[in-house]
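Take a look at the structure below.
The values are calculated or read from the model by the stated rules, or taken from the named source; none is laboratory data. Owing to the predicted nature of the structure, the values given are computational and were not obtained by experimental measurement. Positions of Cβ are generated from backbone atoms using ideal geometry, with glycine treated the same way; all protein chains shown enter the neighbour counts. Ligands, DNA and RNA are excluded from the accessible area calculation, which covers all protein heavy atoms including side chains. Shrake-Rupley method; radii C 1.70, N 1.55, O 1.52, S 1.80 Å.
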Amino acid sequence: MTVTCKFTKSVDEVWTVLCDPDFRVERSIALGELTAECDVEEDGETVKVHMVREVVRELPSVLAKIFNAKQVLTFVESWQPVKNGWQGTLAIDVKGQPVQITANVSLLETADGCEYSVSHRCKAKIPLIGGKVEKFILSQTDSGAVDELDYLKTKFA
């Protein structure tokens, strides 16, 4: 599934907020995460965002036997400029868990502002229940992306 969010602000206005480490930490804490750290670095035209976030998730009983509800997530976003905005990739590491979450991300100009888009993928290396784990993680990840984008919208309200 792809999560998208339209903004009536320009790509540059939204991009400036997305590249603010203080905003990212503020957003994470406001959305109920326990801790958050963020660093943004520019290397030529590439912009990398590194985040470490500690979260607590309510897990279905079958997954609570495998996963700890309290988790440390490491995010690495790598963005490159394109003709009408920014495109990049996202990798999320769940510390100590046999899952891999990746995504394609974009922030592109539209006729009346811009649109942010993220398409998550998940691979769980767990025999027998890997598919259930992937489905759960993707639902949580997509839901979290919606919450983060809704919070970003409040910056422009």
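Miscellaneous remarks
- Scope segment 76-108; condition crowded, with 16+ Cβ neighbours inside 10 Å, over 16 Å from the mean Cα position of the chain (by Cα) and more than 17 Å from Glu42 (Cα to Cα); matching residues: Gln97
- Options Lys123, Lys135; residue that is surrounded by fewer than 17 Cβ atoms within 10 Å (Cβ to Cβ) and either in a strand (DSSP E or B) or touching a residue at least 12 places away in the same chain (Cβ under 8 Å) (or both): Lys123
- Whichever residue in segment 109-119 is of a type outside the set (Gly, Ala, Ser) and open to solvent by less than 20 Å² (accessible area, probe 1.4 Å) and, among such residues, is farthest from Thr8 (Cα to Cα): Val118
- Considering (1) closer than 25 Å to Thr16 by Cα; (2) surrounded by 13 or more Cβ atoms within 10 Å (Cβ to Cβ), the lone condition that Glu41 does not fulfil carries the number (2).
- Residue match in segment 7-24 (condition: more than 19 Å from Val105 (Cα to Cα) and part of a strand (DSSP E or B)): no
- Of the numbered criteria (1) part of a strand (DSSP E or B); (2) surrounded by 15 or more Cβ atoms within 10 Å (Cβ to Cβ), the one Ser28 fails is (1).
- Assessment of segment 52-62 against the conditions (open to solvent by 40 Å² or more (accessible area, probe 1.4 Å) and under 22 Å from Lys6 (Cβ atoms)) yields no matching residue.
- Taking every residue in segment 138-153 that is under 18 Å from Leu18 (Cα atoms) and pairing it with any residue that is assigned to a helix (DSSP H, G or I), at least 6 positions away or on another chain, the pairs with Cβ-Cβ distances below 7 Å are Glu148/Arg27; Tyr151/Arg27; Tyr151/Ala30; Leu152/Val17.
- Matching option when the condition is touching a Gly at 6+ places or on another chain (Cβ under 9 Å) and open to solvent by 50 Å² or more (accessible area, probe 1.4 Å), among Thr8, Thr35: Thr8
- Flag if Gly88 is at pLDDT below 95 and farther than 18 Å from Val146 by Cβ: no
- Cross-chain or 6+ apart pairs with Cβ under 6 Å, segment 65-85 first and in a loop (DSSP other than H, G, I, E, B), then at pLDDT below 95 and open to solvent by less than 60 Å² (accessible area, probe 1.4 Å): Phe67/Leu59; Ala69/Leu59
- In the condition set (1) at pLDDT 95 or above; (2) part of a loop (DSSP other than H, G, I, E, B), Phe156 is compliant with all but (1).
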